[in-house]
1. Please give the contour-minus-distance gain from residue 137 to residue 174: 0.36 nm per residue of separation, less the Cα-Cα distance, rounded to one decimal in nm.
2. Can you list the residues, at least 5 places off or on another chain, whose amide H is less than 5 Å from the amide H of residue 17, using H built in the peptide plane?
3. How large is the charge dipole for the range 6-180, taken about the Cα centre, if only the Cβ atoms of Lys, Arg (+1) and Asp, Glu (-1) carry charge, to the nearest 20 debye?
4. When you take every Cα atom in the range 6-180, what is the radius of gyration, and what is Dmax, the widest Cα pair distance, in Å?
5. With unit charges on the beta carbons (Lys and Arg positive, Asp and Glu negative) and the dipole taken about the Cα centre of the chain, which residue among 89, 161, 69 sits farthest to the positive side?
6. With label points built 7 Å along Cα→Cβ from the Cα atoms of residue 154 and residue 78, find their separation and express it in nm.
7. Taking the simple approach of a point 7 Å from Cα along Cα-to-Cβ for both residue 42 and residue 86, what is their distance in nm?
8. Quickly work out the residue 5-to-residue 18 label distance, labels modelled 7 Å from Cα along the C-beta direction, and quote it in nm with one decimal.
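The numbers here are math on the coordinates, done by the rules we state, and not lab data. Fair warning: this is a prediction, and the values are worked out from it, not measured in the lab. Positions of Cβ are backbone-derived with ideal geometry, glycine not excepted, and every protein chain shown enters the neighbour counts.
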Amino acid sequence: MSLLAAEKSCLLLVDVQEKLTPALFQHEQLVQNCRWMVQVANKMQIPMLVSEQYPQGLGPTIPELKELFTPDQVASKLHFSCAADAGCLAKINALKREQIVIVGIETHVCVLQTAIELQEMGKQVFLVADAVSSRSERDKELALKRMRQAGIQIVSKEMVLFEWLRKSGSDLFKTMSKEFLR
């Protein structure tokens, strides 16, 4: 087990798309927390990748998030796992980061399969529990339990921010605390 380090981390936003997001358990809170994580990553210049599961059928990433990244940060996929999709995995590997912070949906399908396979590939995987969801609360709970048993580190969004910051007293800490720790 290790702490997150900004210089070793990237953020992976998994499949928060137009047609599925409204059906999720507590979807408003999920969107708010994913948006918070993306904004923190952008502000701290943490590289990010966004996956979209079969966008022809599920639509693109929701507008509230899509405005925060560029099209070259997006990888569409057919596999549930980002790690099983060659194009998506190539984009993850191109970021050259050993720590993968995962947010998105659905916890028990694409998120779980991605997390476990990335860990099997030697990545350090951190799952942000307050920025993932499923259609059913039970599926989310079971997925979190299974990932924890698999050795994936389950964290909160504030844990990520404070580990990326590492110390107070800096201009970055002051900026981040004013913008994100209200």
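1. Details: separation 37, 0.36 × 37 = 13.32 nm, distance 3.56 nm.
Roughly 9.8 nm would be gained on extension.
2. The list, which skips near neighbours in sequence, is 62.
3. Details: 21 positive and 21 negative charges, 78 e Å.
That gives the range 6-180 a dipole magnitude of about 380 debye.
4. For the range 6-180, the Cα-based Rg and Dmax read 14.9, 47 Å.
5. 161
6. For the pair residue 154/residue 78, the computed spacing is 3.4 nm.
7. Label-label distance for residue 42 and residue 86, simple model: 3.3 nm.
8. Once both label points are built, they end up 4.2 nm from each other.
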